[in-house]
1. Filter the stretch 368-425 down to the residues that are of a type in the set (S, T, N, Q) and over 27 Å from residue 41 (Cα atoms), then identify the one that is farthest from the ligand (Cβ to nearest atom).
2. Given the conditions (1) in a strand (DSSP E or B); (2) closer than 19 Å to residue 125 by Cα; (3) more than 15 Å from the ligand (Cβ to nearest atom), which single one is not true for residue 218?
3. Any idea which of 341, 327 is under 17 Å from residue 249 (Cα atoms) and either of a type in the set (S, T, N, Q) or surrounded by fewer than 17 Cβ atoms within 10 Å (Cβ to Cβ) (or both)?
4. For the stretch 148-178, how many residues meet the condition of being within 15 Å of the ligand (Cβ to nearest atom) and either open to solvent by 40 Å² or more (accessible area, probe 1.4 Å) or at pLDDT below 95 (or both)?
5. Tell me, please, whether a residue that is modelled with pLDDT of 95 or more, basic (Lys, Arg) and within 16 Å of the ligand (Cβ to nearest atom) can be found in the stretch 429-441.
6. Kindly list the number of the only condition in (1) within 30 Å of residue 25 (Cβ to Cβ); (2) out of contact with any His (no Cβ under 9 Å at 6 or more places or on another chain); (3) of a type in the set (Val, Ile, Thr) that fails for residue 362.
7. Say whether the condition of being more than 15 Å from the ligand (Cβ to nearest atom), over 14 Å from residue 81 (Cβ atoms) and surrounded by fewer than 18 Cβ atoms within 10 Å (Cβ to Cβ) is met by at least one residue in the stretch 117-130.
8. Scan the stretch 179-189 residue by residue and report those that are within 13 Å of the ligand (Cβ to nearest atom), on the phi < 0 side of the Ramachandran plot and in contact (Cβ under 8 Å) with a residue 60 or more places away in the chain.
Amino acid sequence: MTIIQFPKDMKWGVATASYQIEGAANEGGRGTSIWDTFSKTPGKVVNGDNGDVACGSYHKYEEDIEIMDDLGVDFYRFSVAWPRIFPEGTGEVNQEGLDYYHNLVDRLLEKGIEPMCTLYHWDLPQALQDKGGWDNRETIEAFLQYAELMFKEFEGKIKHWITFNEPWCVSFLSNYVGAHAPGNNDLQLAMNVAHHLLVAHGKTVIRFRELGIKGQIGYAPNVEWNEPYSNKEEDIDACKRVNGYFMDWFFDPVFKGTYPDFMVKWFEEKGAVLQIEEGDMEIISQPIDFLGINYYSGGVGRYKENEGLFDHEKVDAGYLKTDIGWNIYPEGFYKVLTHINENYGNVPIYITENGACINDGVENGEVKDDRRTDYLKQHLVALQRSIESGVNIKGYLTWSLLDNFEWAEGYTMRFGIVHVNYRTLERTKKDSFYWYKQTVANNFFEV
Ligand SMILES: N=NNCCOCCOc1ccc(-c2cn(C[C@@H]3NC[C@@H](O)[C@H]3O)nn2)cc1
């Protein structure tokens with residue numbers, strides 16, 4: 001038996017996002033988001049699922065906070081729906097939207113739970129998309145206006161701010177792969193979006209400092225680890241390109257003030273050219289207080305000529321998979337965290353998302369999701385190894401508190417430690433919830 005012990009100041013939490021849990025899509029003065037539009041476009045989301053009701057958390061947030069109180073967590077990471085604050089993206093402020101988030105935050109603080117607020121978790125106001133969305137640099141200014149309002153409104157209540165969740169998903173997944181909203185398939189457009197997100201991030205950090213807001217600010221890229229199948233140069237280079245796509249492209253500009261040259265050249269050969277304006281890189285590379293890391297999976301890959309965007313193919317190396325088909329690959333978690341530490345410095349890191357899609361249902365009032373508990377154990381071992389290796393880990397927030405709307409997969413894929421019956425909205429704490437509760441209380445667990 002091994003005891004996996006975490007540092008005494010380790011923080012623990014859970015994470016969710018507005019469009020995935022709130023519902024009440026047409027209540028409280030909320031405007032339309034691109035995910036309302038995308039999810040109601042035939043063929044985009046499994047079963048035609050959408051966020052109209054979701055987990056009903058807009059009305060059930062007090063119950064959700066009672067569950068978090070029972071869990072004993074330090075942090076609750078949630079996101080604000082921009083269309084609840086500015087229904088048209090800019091212009092008139094919706095007071096009902098602000099009131100909702102004040103009620104949420106006040107209740108969290110009453111329970112001694114720190115709010116960690118993500119300003120952008122993908123639900124762009126449709127009115128801004130109609131004017132070009134993130135391809136239009138004017139959206140940067142609109143975001144800055146939204147962020148500044150939120151900073152001033154919640155000054156003293158929210159002390160941990162995240163500008164953008166998973167800029168890779170917002171840019172490449174949503175505008176090149178096309179799997180997420182708004183569903184474009186244009187590499188140049190995706191590159192423009194990625195750059196504008198980073199400029200918006202940098203401008204927001206600058207404004208946060210200028211306003212003298214008490215607290216910390218960062219962003220939350222998603223990462224995966226692609227390990228070369230062999231030590232052949234071609235396999236190593238192919239995996240370097242894919243890791244560069246998910247990581248370096250979004251880390252180098254913030255931490256080094258430049259885009260990774262090997263990726264710039266690769267994208268140019270694919271017909272996508274960076275469109276950088278004077279001062280952009282200095283804006284993007286504003287120092288941040290913490291880095292959020294979202295890790296789910298990784299695996300082994302190798303060179304394959306003309307395969308995909310990077311002459312790379314994933315190799316099925318026989319790893320066990322979660323129910324969404326992703327490898328269970330805790331080694332990749334350790335590799336990516338030590339890679340970040342070695343390449344970008346000892347920046348404070350919160351794991352802002354890590355969890356497993358395990359679709360076990362309720363039987364006799366229980367959910368026996370042992371595979372999720374096993375996933376969490378294996379990844380928390382990898383996390384503790386990275387702490388032992390000098391990575392500056394400040395906290396771990398599992399994705400997710402609740403089963404919720406998993407984007408293009410709709411409600412078919414369940415990531416929660418609490419089961420949600422989408423017909424009745426009944427919550428059922430899973431076995432993994434009780435394991436995580438014990439781990440949070442002890443700050444250690446046994447393998
Ligand atoms: N060219 N690229 N590869 C080919 C791409 O295939 C198409 C599908 O790709 C992906 C890639 C990544 C994801 C994903 C989902 N989550 C989970 C959420 N994280 C934020 C929170 O909201 C969670 O719900 N994290 N990542 C989905 C689909």
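The values are calculated or read from the model by the stated rules, or taken from the named source; none is laboratory data. Remember, it's a predicted structure, so these values are computed and weren't measured experimentally. Glycine also receives a Cβ, built like all others from the backbone with ideal geometry; neighbour counts cover every protein chain displayed. In case anyone asks, the SASA skips ligands and DNA or RNA and just uses the protein heavy atoms, side chains included. Shrake-Rupley method; radii C 1.70, N 1.55, O 1.52, S 1.80 Å.
1. The initial filter retains those residues of the stretch 368-425 that are of a type in the set (S, T, N, Q), namely 373, 378, 384, 386, 389, 392, 398, 400, 404, 412, 421, 424.
Narrowing the set further to residues that are over 27 Å from residue 41 (Cα atoms) leaves 373, 378, 384, 386, 389, 392, 398.
Numbers: 373: 19, 378: 18, 384: 23, 386: 20, 389: 25, 392: 23, 398: 11 Å.
Only one residue tops the list, namely 389.
2. So the condition that residue 218 fails would be (2).
3. Numbers: 327 fails: under 17 Å from residue 249 (Cα atoms).
Unique residue meeting the criteria: 341.
4. Total satisfying the criteria: 2.
5. To start, the set of residues in the stretch 429-441 that are modelled with pLDDT of 95 or more comprises 429-441.
This time we only want the ones that are basic (Lys, Arg), so: 429-430, 437.
With within 16 Å of the ligand (Cβ to nearest atom) added as a condition, the list becomes none.
Looking for residues that are modelled with pLDDT of 95 or more, basic (Lys, Arg) and within 16 Å of the ligand (Cβ to nearest atom), one finds none in the stretch 429-441, hence no.
6. (2)
7. Yes, the stretch 117-130 has at least one match.
8. 179, 180, 181, 187
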